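Undergrad: Below is the structure I would like to discuss, written out as structure tokens.
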Amino acid sequence: MNKQQLTFRNSVREDVPLILKFIKELASYEKLSHEVVATEELLEEWIFEKEKAEVIFAVYDGKEVGFALFFHNFSTFLGRAGIYLEDLYIYPEHRGLGYGKQLLKHLAGIAVERGCGRLEWWCLNWNKPAIEFYRSIGSESMSEWTVYRLSGETLEDMAK
């Protein structure tokens, strides 16, 4: 396969089943399938009706071989928006061909084009191949920061 033939396309509403398929495959890879409660209806509502996230597909030979789901965040220190990459996934049979790097490069181009101050994401500590890849492209781990989360019942309790 020739990585030069990779193209990118923005998702459309009809892609919702494909988006969910990518999400489930990523969750399986990350051993987190039990956490996936997303449905096609929820994805359609939040991505296409409320426009709270965007999806880009990496396409090779007319077929989607990877995806990135992202949204804007905001840095008060920079005084401008950034892009937060929630998910990036390349099908296993297409890994090692530079597609992940090309997809990140495309996303970085979107961030620059939109005037964003940064592009950031999280990575599971055990995912050594991803960590090595991210380091190889010059990204920095933010080891001085700890991620905190409220969700589910705890989030609901806090809102009371």
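Undergrad: As an exercise: evaluate HIS106 against (1) surrounded by 14 or more Cβ atoms within 10 Å (Cβ to Cβ); (2) more than 16 Å from the chain's Cα centre (by Cα); (3) not hydrophobic (A, V, I, L, M, F, W, C) and give the number of the one condition it does not meet.
TA: (2)
Undergrad: Just to be sure, is TYR91 touching a residue at least 12 places away in the same chain (Cβ under 8 Å), within 20 Å of SER139 (Cα to Cα) and in contact with a helix residue (DSSP H, G or I) (Cβ under 8 Å, 6 or more places away or on another chain)?
TA: no
Undergrad: Being surrounded by 16 or more Cβ atoms within 10 Å (Cβ to Cβ) and more than 21 Å from ALA53 (Cβ to Cβ) is the filter here; which residues of region 109-133 pass it?
TA: Of everything in region 109-133, just one residue is surrounded by 16 or more Cβ atoms within 10 Å (Cβ to Cβ) and more than 21 Å from ALA53 (Cβ to Cβ), namely PHE133.
Undergrad: How many of the residues making up region 122-144 are within 24 Å of GLU35 (Cα to Cα) and not charged (D, E, K, R)?
TA: 9
Undergrad: Six or more apart or on different chains, Cβ under 9 Å: which pairs go from a residue in region 42-59 that's farther than 23 Å from HIS94 by Cβ and β-branched (Val, Ile, Thr) to one that's part of a strand (DSSP E or B) and at pLDDT below 95? Could you list them?
TA: none
Undergrad: ASN73 - would you say it is at pLDDT below 95 and among the polar types (S, T, N, Q)?
TA: No, not satisfied.
The values are calculated or read from the model by the stated rules, or taken from the named source; none is laboratory data. Keep in mind it's a predicted model, so treat the numbers as computed, not measured. A quick note on method: Cβ atoms are made from the backbone with ideal geometry, for glycine too, and the neighbour counts reach across all protein chains shown.
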